């Protein structure tokens, strides 16, 4: 079948197939989140509500850590949502391809606009320019439906059975390991590395500031360092 | 430790609405308006600017040992970080980190 003949249905399954490998990445995070949330004392309903409505591992782990530190609600929300701000960038990048979709479809597209679906779609959509908006939407939603059910299921398994895992397995450390697994592969460029180093140094140096506010200040400084390093590298190249 | 149930629900609701709004923002509301270069340049670094600072204290002073630095956890963090950077893979980081953690704990008794 040539691409011109691709119907919405087959576009859906192509999206599903393209995103399926990322189930392997999402599932361990879901499992770990379920375990960590239960460990902290969230109920099964709370854990599942968060995982279904937020679908963003890094932000969910962030909220857990700050809840444990008894940070004020506003600081928790500001920090967790700041972690998710990158998705505004995804949203903007999808406009040329999906901006003409129906309003209700866009609600669904937004719900599925996670790291993996965006990453996969941002490679494929620019190649398949002959696709209709309906086909593009179907492709994106197919990707979302590949990953999200496994994300939810793995969180459930972690939450339901995590409590049965004995303390010898040091599950308190599952969360830091998950974060390392998110950060390390993301350190692709020198500005990314500088931003990460700044984040650690500034967060430790500012940890005396009450209400976990030091972290937000450290993050702001680290973002500026990353952006400035990028500018400096660009200028040096030209 | 007891957590404030109301706070948990407010955090869940706020994160749900906030995250959805961020994902929907340009697609549903702002349309073709382009993000200015300076904004993109900073947004690229949000995750790496927040997450390392958030976990550094958890690695240096883990809650599982009551805040005492722990060689098994430190080594596990280093291995996970090195493998994650080298293989550019989250899975490698998770599994190598956990294996190191359990191996060192086993060896140290």
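The values are calculated or read from the model by the stated rules, or taken from the named source; none is laboratory data. This is a predicted model, so every value here is computed, not measured. Note that each Cβ is placed from the backbone with ideal geometry, even for glycine, and that neighbours are counted across all protein chains shown.
For segment A:195-227, give me each residue that is more than 9 Å from chain B (Cβ to nearest Cβ) and part of a helix (DSSP H, G or I). A:205, A:213, A:217 - these are the residues of segment A:195-227 that are more than 9 Å from chain B (Cβ to nearest Cβ) and part of a helix (DSSP H, G or I). For segment B:93-109, a residue qualifies if it is facing chain A (nearest Cβ under 8 Å) and closer than 15 Å to residue A:29 by Cα, and the qualifying residues are B:93, B:94, B:97, B:98.
The set of residues in segment A:43-57 that are touching a residue at least 40 places away in the same chain (Cβ under 8 Å), surrounded by 22 or more Cβ atoms within 10 Å (Cβ to Cβ) and either facing chain B (nearest Cβ under 7 Å) or over 13 Å from residue B:16 (Cα atoms) (or both) contains only A:56. Among the residues of segment A:132-154, is there at least one that is touching a helix residue (DSSP H, G or I) at 6+ places or on another chain (Cβ under 7 Å) and either outside any helix (DSSP H, G or I) or outside the structural domain of residue A:12 (by TED's automatic domain parsing) (or both)? No: segment A:132-154 contains no residue that is touching a helix residue (DSSP H, G or I) at 6+ places or on another chain (Cβ under 7 Å) and either outside any helix (DSSP H, G or I) or outside the structural domain of residue A:12 (by TED's automatic domain parsing) (or both).
Taking (1) surrounded by fewer than 17 Cβ atoms within 10 Å (Cβ to Cβ); (2) within 30 Å of residue B:9 (Cβ to Cβ) in turn, residue A:64 satisfies each apart from (1). Among the residues of segment A:179-190, those that are within 7 Å of chain B (Cβ to nearest Cβ) and either assigned to a helix (DSSP H, G or I) or in contact with a strand residue (DSSP E or B) (Cβ under 8 Å, 6 or more places away or on another chain) (or both) comprise A:179, A:180, A:181, A:182, A:183, A:184, A:185, A:186. In the condition set (1) facing chain A (nearest Cβ under 7 Å); (2) at pLDDT below 90; (3) on the phi < 0 side of the Ramachandran plot, residue B:88 is compliant with all but (3).
For residue A:93, state whether it is assigned to a helix (DSSP H, G or I), at pLDDT below 90, within 7 Å of chain B (Cβ to nearest Cβ) and under 23 Å from residue B:51 (Cβ atoms). Considered against the rule, which asks whether it is assigned to a helix (DSSP H, G or I), at pLDDT below 90, within 7 Å of chain B (Cβ to nearest Cβ) and under 23 Å from residue B:51 (Cβ atoms), residue A:93 comes out as no. Return yes when residue A:14 is over 13 Å from the mean Cα position of the chain (by Cα), farther than 16 Å from residue A:124 by Cα and in a helix (DSSP H, G or I) and no when it is not. Against the criterion (over 13 Å from the mean Cα position of the chain (by Cα), farther than 16 Å from residue A:124 by Cα and in a helix (DSSP H, G or I)), residue A:14 does not qualify. Looking only at residues of segment B:46-75 that are facing another protein chain (nearest Cβ under 7 Å) and in contact (Cβ under 8 Å) with a residue 12 or more places away in the chain, we find that the one that is farthest from residue A:79 (Cα to Cα) is B:73. Considering only residues in segment B:8-33 that are at the interface with chain A (Cβ under 7 Å from one of its Cβ atoms) and in a loop (DSSP other than H, G, I, E, B), the one that is surrounded by the fewest Cβ atoms within 10 Å (Cβ to Cβ) turns out to be B:32.
Among the residues of segment A:58-68, those that are free of Cβ contacts under 8 Å to residues at least 40 places away in the same chain and facing chain B (nearest Cβ under 7 Å) comprise A:59, A:62, A:63, A:67.
Considering segment B:34-48, and only residues there that are within 17 Å of residue A:94 (Cα to Cα) and not in a helix (DSSP H, G or I), the residue that is farthest from the chain's Cα centre (by Cα) turns out to be B:34.
Residue A:63 - would you say it is closer than 30 Å to residue A:210 by Cβ and not in a helix (DSSP H, G or I)? No.
If I filter segment A:6-20 for residues that are more than 11 Å from chain B (Cβ to nearest Cβ), at pLDDT below 85 and over 25 Å from residue A:161 (Cα atoms), do I get at least one hit? Yes, some residue in segment A:6-20 is more than 11 Å from chain B (Cβ to nearest Cβ), at pLDDT below 85 and over 25 Å from residue A:161 (Cα atoms).
Just one of A:71, A:26, A:78 is more than 7 Å from chain B (Cβ to nearest Cβ) and under 14 Å from residue A:178 (Cβ atoms); which is it? Step by step, each of A:71, A:26, A:78 is checked, and only A:26 is more than 7 Å from chain B (Cβ to nearest Cβ) and under 14 Å from residue A:178 (Cβ atoms).
The lone criterion from (1) at pLDDT 90 or above; (2) outside any helix (DSSP H, G or I) left unmet by residue B:67 is number (1).
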